[in-house]
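Colleague: Take a look at the following structure, please.
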Amino acid sequence: MTHQYPALSAEQKKELADIAQRIVAPGKGILAADESVGSMDKRLGGIGVDNTEENRRLYRQLLFKGDERMQECIGGVIFFHETMYQQGDCGTDFVKMIKDKGIVVGIKVDKGVVPLAGTNGETTTQGLDGLSERCAQYKKDGADFAKWRSVLKISETTPSPLAILENANVLARYASICQQNGIVPIVEPEILPDGEHDLKRCQYITEKVLAAVYKALSDHHVYLEGTLLKPNMVTAGHACPTKYSAEEVAMATVTALRRSVPPAVPGVTFLSGGQSEEEATINLNAINNCPLARPWALTFSYGRALQASALNAWRGKKDNEDAATKVFLTRAEANGLAALGKYEHSGDGAGSAGQSLYVANHAY
Ligand code: 13P
């Protein structure tokens, strides 16, 4: 058996655990606003707005300037590098704007996916080189948590044992480096919704992937109380002919988590993965009403499902900014309620909130 050498002091552990708890306090979740410049091109292109640094700043500003309702339901905001160093019109740093609301600032630190040669189109995620130095700098600049996204695909032949092992290991290595720098790692092994597979197959794969991730985190001596998990919900593939209810999705999701995620993990913050805004809220609400014991906070870390209606309301026009902020807050509040299992259907399923946000082979 390997010997355990000290990795973190009691003070370091306490700091990490406190940060994680603040992010997933009851009724709170995460706004993922860390789209890379490339992903912003797709988002802004969809509403006919040029992907310039200034337009990205204006767009992020309308999300960040939400009134006191925002801190009731948002515990953390994930930034992209560029956004960390931008300011609002008033000259205040975005980081300060968010921290002044009592919201924790996070930073995406991975550098995107690259092919795993010899596999059927599978990938690993790069960004470990220089990560410790980058984390130390981000911590000084106000970030207290980070995100690293790994991607797995379901098909007849995937995910392969290599992709599962490699991505689990790279996530664990990233998590260990973050913790050494006082940064809470969000561990994100995203299983894409592409494919025709049914709910059972997604559940099976999710269990295997998460089990491998927690084995690797243990091997790397990662302090689980100072981490958060960001998984996909267990859903059928996008092209599956069978449709499942929110209760079925919730049961499959909570069952998979119970089989693989230790209770020491304080929170599970789901990605929305191309679900419509309303679907993502309803599924989260069902998860929080699932009749199984749930030892972790179960909440949201949505990108598309918190932003799609706001983007549409904005369309790059100054006059629309306040309306767009309001639309964003409405979705954030709905998800805050869903995190408590108290969301009541808005009946907006037929409107823009009901529109699918699925993108094949989604990059971030
Ligand atoms: P979606 O909620 O749009 O899936 O994205 C969340 C995210 O941060 C993916 O890394």
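Colleague: Note down the relative contact order for the range 264-364 as a percent, whole number, built from C-alpha pairs under 8 angstrom at least six residues apart.
Modeller: 40 percent
Colleague: Using a 10 Å Cβ count of at most 12 others and DSSP loop calls, identify the longest part of the chain lacking such GluC sites (Glu not before Pro).
Modeller: 157-343
Colleague: Give the value in nm², to one decimal: projected area of the alpha carbon convex hull of the range 81-120, averaged over all directions.
Modeller: Mean shadow area of the hull around the Cα atoms is 4.3 nm².
Colleague: Can you list the equivalent-ellipsoid semi-axes of the range 245-364, largest first and in whole Å, using the square root of 5 times each Cα gyration tensor eigenvalue?
Modeller: In descending order the semi-axes read 27, 14, 13 Å.
Colleague: Treating only the Cβ of Lys, Arg, Asp and Glu as charged (+1, +1, -1, -1), what charge dipole size does the range 289-364 show about its Cα centre? Round to the nearest 20 debye.
Modeller: In debye, rounded to 20, the range 289-364 gives about 160.
Colleague: Stick to Cα atoms and the Kirkwood definition of Rh, then tell me Rg/Rh for the range 61-131.
Modeller: Rg divided by Rh gives 1.16.
Colleague: A further question on this structure: What percent does the relative contact order of the chain come to when contacts are Cα pairs within less than 8 Å and at least six residues apart?
Modeller: 19 percent
Colleague: Between I47 and L165, 0.36 nm times their residue separation minus their Cα-Cα distance comes to what?
Modeller: Difference between extended and current length: 38.6 nm.
Colleague: If you don't mind, another one. Taking every Cα atom in the range 150-200, find the radius of gyration and the maximum pairwise distance Dmax, and write them in Å.
Modeller: Answer for the range 150-200, Rg first and Dmax second: 13.5, 41 Å.
Colleague: If you stretched the chain out fully between A136 and E247, how much longer would it get, using 0.36 nm times the residue separation minus the C-alpha to C-alpha distance?
Modeller: Length difference between fully extended and current span is 35.7 nm.
Colleague: For a 32 Å ceiling on Cα separation, which of these pairs sit above it: K14/K215; K243/K318; K147/K208?
Modeller: K243/K318
Colleague: Counting each DSSP H run of 4 or more residues in the chain as -39500 (n - 2.57), what helix-only mean residue ellipticity at 222 nm follows after dividing by all residues, to the nearest 500 deg cm²/dmol?
Modeller: So the calculated ellipticity at 222 nm is -13500 deg cm²/dmol.
Colleague: Under the Karplus relation 6.51 cos²θ - 1.76 cosθ + 1.60, θ = phi - 60°, what is the ordered set of whole-Hz ³J(HN,Hα) values for the range 19-29, x standing for Gly and Pro?
Modeller: Residue by residue, the range 19-29 yields 4, 4, 5, 5, 5, 10, 4, x, x, 10, x Hz.
Colleague: Based on the Kirkwood radius over alpha-carbon pairs, what value in µm²/s does the Stokes-Einstein equation return for the translational diffusion coefficient of the range 1-64 at 37 °C and 0.692 mPa s?
Modeller: Reported coefficient: 212 µm²/s.
Colleague: Could you work out the pair-distance distribution P(r) of the range 1-118 from its alpha-carbon pairs, with 5 angstrom bin width and percents rounded to whole numbers?
Modeller: The calculated distribution, bin by bin, is 2, 10, 17, 17, 16, 14, 10, 7, 4, 2, 1, 0.
Colleague: What's the whole-number percent of alpha carbon pairs in the range 96-207 lying beyond 16 angstrom?
Modeller: Tail of the P(r) past 16 Å holds 61 percent of the pairs.
Colleague: State the three equivalent ellipsoid semi-axes of the chain, derived from the C-alpha gyration tensor as the square roots of 5 times its eigenvalues, in descending order and whole Å.
Modeller: 28, 25, 20
Colleague: Next up: Rounded to whole Hz and in sequence order, give me ³J(HN,Hα) for the range 62-79 from the Karplus expression 6.51 cos²θ - 1.76 cosθ + 1.60, θ = phi - 60°, writing x for Gly and Pro.
Modeller: Couplings: 5, 6, 7, 8, x, 6, 4, 5, 5, 6, 5, 10, 10, x, x, 10, 8, 9 Hz.
Colleague: Aspartates and glutamates within cross-link reach of K99: Cα-Cα under 13 Å, excluding same-chain residues under 8 positions apart?
Modeller: In chain and number order, the partners are E68, D141, D144.
Colleague: Please state, rounded to one decimal and in Å, the Kirkwood hydrodynamic radius that the range 192-323 gives when every pair of distinct Cα atoms enters the mean of 1/r.
Modeller: Kirkwood hydrodynamic radius for the range 192-323: 15.9 Å.
Computed from the coordinates by the stated procedures, all read-outs in this text should not be read as laboratory data. Everything quoted here is computed from the prediction, not taken from an experiment. Backbone-built Cβ (ideal geometry, glycine too); neighbour counts: all protein chains shown.
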